[in-house]
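Only one structure is covered here, and it is reproduced in the block below.
Each reported figure results from applying straightforward, stated rules to the coordinates on display, with no laboratory input. Since the model is a prediction, treat every value here as computed from it, not as a measurement. Because the Cβ atoms are built from the backbone with ideal geometry, glycine has one as well, and the counts that use them run over all protein chains shown.
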Amino acid sequence: MQNLLEQIQAAQLWDFPGGIHPPTRKALTSKKSIAKLALADRLYIPLRQHIGVAGQCLVKKGDFVLKGQALSLADSSMSIPVHAPTSGLILAVEDHTSPHPSALPEPTIVLEPDGLDEWREREPLDHLTCSLPQLLERIQESGIAGMGGAGFPTHLKSAIKQEVECLIINGVECEPYISADDALMQEEATTIVKGIDILCQLLNPKIVLIGIEDDKPDAIAAMQAACKQRDHYFIRVIPTKYPSGGEKQLIQVLTNKEVPAGRRPIDIGMVMFNIGTSFAIAQAVLDDIPLISRIVTVAGDTLTQAQNMLVPIGTPVSALLNACGFQPQAQQRVIMGGPMMGFTLPDLSVPVIKTTNCILAPTYQELPPARQEMDCIRCTACADACPASLLPQQLLWYSKAKDSAKLEEYNLFDCIECGACAYVCPSEIPLVQYYRVAKADSRQQQREALQAEQAKARFEARKARLEAEKQERQQRHEQLAEERAAKQASGSSDAVAEALARVKAKQQDAPTDRETIKAERERLKQQARAKQAAQTDMPPDGEAKSPIASEVSTAKEPADPRKAAIAAAIARAKAKKDAQSATTSDEVVSSTPAEPADPRKAAIAAAIARAKAKKDAQAAAPDEAVSSTSAEQTETPEPTDPRKAAIAAAIARAKAKKQKDTETK
Amino acid sequence: MMVIIALLALGALALIFGAILGYASIRFRVESDPLVEQIDDILPQTQCGQCGYPGCRPYAEAIANGDAINKCPPGGDTAIRKLADLMGVEAKPLDAAQQESEKKVAYIREDECIGCTKCIQACPVDAIVGATRQMHTVIVDECTGCDLCVDPCPVDCIDMLPIPETPERWKWDLDRIPVRVVGAD
């Protein structure tokens, strides 16, 4: 290994198998400085712009947001937020055509810029003094995902615990037309290097290799100047060849190590970041600028001003093209990404996202659409071109046959979909498309197999549960049956005897029972009579009379001492009140001469009325007392209130029942 | 004498090796995967009963006993091909009476649900949650799209809906991209 490190330090370069040399066409854009695109009327910000899961949307229609404000919340490690590229109004959160080859609608935030471009509060960090978790948190919160194209969340990649031999910064940019990273290196080399410093702090690599293709002399010079102070940063100028910018290919070129099939670069001690990513990290940490804009190469012969532009994330492609003098031809195609790995856009309202590095609007002559596919002639040109040393024609064969076992055997999943095989194919077979379909099928099958496994487990769990329930039920039945049988077997004669005894006891009780019923009935009848009597005796205004009556009756009531006490208290209170009113009326009568005419008359009338009432009540009272005493003589307490009477009756009944019960026992 | 010694020696060796082999056959026994298990693994485990058997395993047992391999619509051609390989028979197209259908999941129109729990009892994979007189709902991730809950529903509030396509499950079916080529102005 030491030997290899020395070799790397000695600037030795290696090569990867295959590869092609398509015309690069970068000169059109790489020499121009980066232009700043004016804000579009509407920005469409998809909630998910990376590999992983979308964050939870934080805004709703009608909200006002500031530039750099988070629009979604990263609620899991696989999600990163999106931010408002400028200040403005949220018009909607709705489905919008996604910047994906499928063009399926995805949840998207629509923002109308207010033109003020007002920033939220920013908190720049000093990366030398803050802790690693703090840095990682900042990277995640700034929504940084790999900007080379894959869009893998950067905070995950930079939180690797394994020992990192070599940090590789990818400035190769091998696909034709694209010069976004080239332009960024020319203009922002110092910031990029600061981003690399932060990555070094996070990953602590032994050496840092910065790979740049030899067709970018200005960028190489700028980066060399920026890295002068750092002696473990090595800038490696590699020969131009497509696809040397592929992760595994660049590792092979720079270190002569091959990433094993199905493994990640970290398994051999390598981590790779894109130039754009390290720039975004520096901005996020040092200036607290989240990932809200990126450099996009806008190229193609239908544009009068092909150039690199600094584009706010969410800008529709149409705005970008119009700013570059787009003159569409008939059957115009617009491609997102490069000519090798990009995809044709279904319409131009698709927004630029974090992983968009190029928008290509070629003329028909420049990039003719695919012609009729012909049969494979087994020329093996594809196998020679394949940078992953696969056998493209075998893969094509098995893709067509949908033979997933064979495809796996031929390592379909090591295909990086670079398109070199399709580029060299004389029969113009779109090989990569076949592989993509096969890969999607294979993934689907894996998903289905997983689902089938789950379903089986659940089905079996359910079956077991039902079986257990059935058994339990049966057991319970058996137990009950047993108990019953045991009872019958053990004491059948006893049971008969018991039953007989019960019947006898009942017969003996019967007469007393009947007597109590009779007595009860008698009592109820008398109660009703007494009540009737009380009602007829009661004069129209029995206000004054009733308390006295109740007083009389309650005084003799033996039933419930507490109830009696309450009734007595009420009666006393009423009597007191009456007495008071009587005295006041007396006073009123005596003081009438002093009073003025009208109130005097009224008062006199009132006094007379009261006096009459009192007199009446007094006359009625003895009657009442007599009736209540008569009720008392029938052995049952006799309250005047019918409700009370009912309660008393119930109590009596209960008592009788109790008595009877004890007798039966 | 020599003969006896030789016989004894060989006999002893035979016993020792026999003991070792006997021990090894117990200690290092390979759980053989019976045919039914293998067939069951290929079947899609929707437990839908479209094959005429009450679940995937009974059908696997039937195949092992010589039933046709083309009775499983959810498995489709892929499953038939795998079964053909396993059983050493020719792959046949799906039974004419059955058609491979798009994968669907059950969806309960929740405001119409009366909470009768009949669908819960019908679901072979316990993918419906709910309780008596409470609204029920389907756990979409667990639903196998077997259709068995649709018939028992007394108010017909269960629909079988196709799974919505997402960019993750999209299959690069390039003919289907609604490409609207930009025209010249």
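For the reader, a short list of remarks on this structure follows.
- Net lengthening on full extension, A:Ala35/A:Asp114 (0.36 nm per residue, minus Cα-Cα): 26.3 nm
- Calculated mean residue ellipticity at 222 nm for chain B: -10000 deg cm²/dmol, from DSSP H runs with n ≥ 4 weighted as -39500 (n - 2.57), summed, divided by the residue count and rounded to 500.
- Sorted ascending by nearby beta carbons within 10 Å, beginning with the fewest, A:His127, A:His477 become A:His477, A:His127.
- At most 10 other Cβ within 10 Å, DSSP loop - trypsin sites (Lys or Arg not before Pro), the stretch B:104-166: B:Arg133
- Summing charges over neighbours of A:Glu173, with a neighbour being any other residue whose Cβ is under 11 Å away from its Cβ, gives -3 when K and R count +1 and D and E count -1.
- Cross-link table A:Lys506/A:Lys644; A:Lys525/A:Lys655; A:Lys157/B:Lys171; A:Lys206/A:Lys354, entries beyond 23 Å C-alpha to C-alpha: A:Lys506/A:Lys644; A:Lys157/B:Lys171; A:Lys206/A:Lys354
- DSSP-assigned coil residues among trypsin sites (Lys or Arg not before Pro) in the stretch A:46-105, each with at most 16 further Cβ atoms within 10 Å: A:Lys60, A:Lys61
- A crude spin-label estimate for the pair A:His21 and A:Ala485, with each label 7 Å from Cα along the Cβ direction, gives 9.6 nm.
- Ranked A:His21, A:His100, B:His136, criterion: other C-beta atoms within 10 Å, fewest first: A:His21, A:His100, B:His136
- As a calculated quantity, the FRET efficiency between A:Glu469 and B:Asp126 at R0 = 22 Å, using C-beta atoms, amounts to about 0.95.
- Peptide A:401-408, shielding by other chains (average Cβ, 10 Å cutoff): 1
- The protection proxy used here, the mean number of other Cβ atoms lying within 10 Å of each residue, ranks peptides B:36-43, A:39-46 as follows, highest first: A:39-46, B:36-43.
- Mean Cβ neighbour count within 10 Å, used as a protection proxy, ranking A:184-195, B:61-72 highest first: A:184-195, B:61-72
- Paramagnetic label zone (point 7 Å from Cα along Cα-to-C-beta, A:Ala440; backbone N under 19 Å) in the stretch A:69-109: A:96-107
- Cross-link pairs beyond the 27 Å C-alpha cut-off, checked among A:Lys400/B:Lys103; A:Lys456/B:Lys118; A:Lys32/A:Lys228; A:Lys161/A:Lys248; A:Lys257/A:Lys402: A:Lys257/A:Lys402
- Computed lengthening from A:Ser77 to A:Gln201, 0.36 nm per intervening residue step minus Cα-Cα distance: 42.6 nm
- Footprinting exposure proxy ranking of B:Cys113, A:Cys421, A:Cys379, fewest other C-beta atoms within 10 angstrom first, gives A:Cys379, B:Cys113, A:Cys421.
- Per residue convex hull volume, Cα atoms of chain B, in Å³: 271 Å³
- DSSP H segments from chain B that extend 15 Å or more along their own axis, Cα-based, with Kyte-Doolittle mean of -1.0 or above: B:2-27, B:76-87
- The mean number of partner chain beta-carbon atoms within 10 angstrom of a residue's beta-carbon across peptide A:456-463 is 6.
- In this label model, A:Arg264 and A:Lys658 are separated by 8.0 nm, measuring between points 7 Å along each Cα→Cβ vector.
- For A:Arg236, residues with placed amide H under 5 Å, excluding near neighbours: A:Ile210, A:Gly211, A:Ile212
- Globularity ratio of the stretch B:104-162, using Cα Rg and 2.2 N^0.38 Å: 0.94
- Spin-label model, B:Val155/B:Ala12: points 7 Å from Cα along the beta carbon direction are separated by 8.6 nm.
- FRET efficiency estimate (nearest 0.05) - Cβ-Cβ, A:Lys612 to A:Arg529, R0 25 angstrom: 0.25
- Computed on the Cα atoms alone, the convex hull of the stretch A:370-490 gives a volume of 128 cubic angstrom per residue.
- Counting only other chain Cβ atoms within 10 Å of each residue's Cβ, the peptide A:325-331 averages 3.
- Fully extending the segment from A:Ala225 to A:Cys130 would add 31.5 nm, taking 0.36 nm per residue of separation and subtracting the current Cα-Cα distance.
- A protection proxy built from the mean count of other Cβ atoms within 10 Å ranks the segments A:289-296, A:176-183, A:128-135, A:466-473, most packed first, as A:176-183, A:289-296, A:128-135, A:466-473.
- Rounded, prolate or oblate (a/c below 1.5 giving rounded, otherwise prolate when a/b exceeds b/c) for the stretch A:49-133 by Cα gyration tensor: oblate
- Nearest-0.05 FRET efficiency for A:Leu367 and A:Ser427, computed from C-beta distance (R0 22 Å): 0.70
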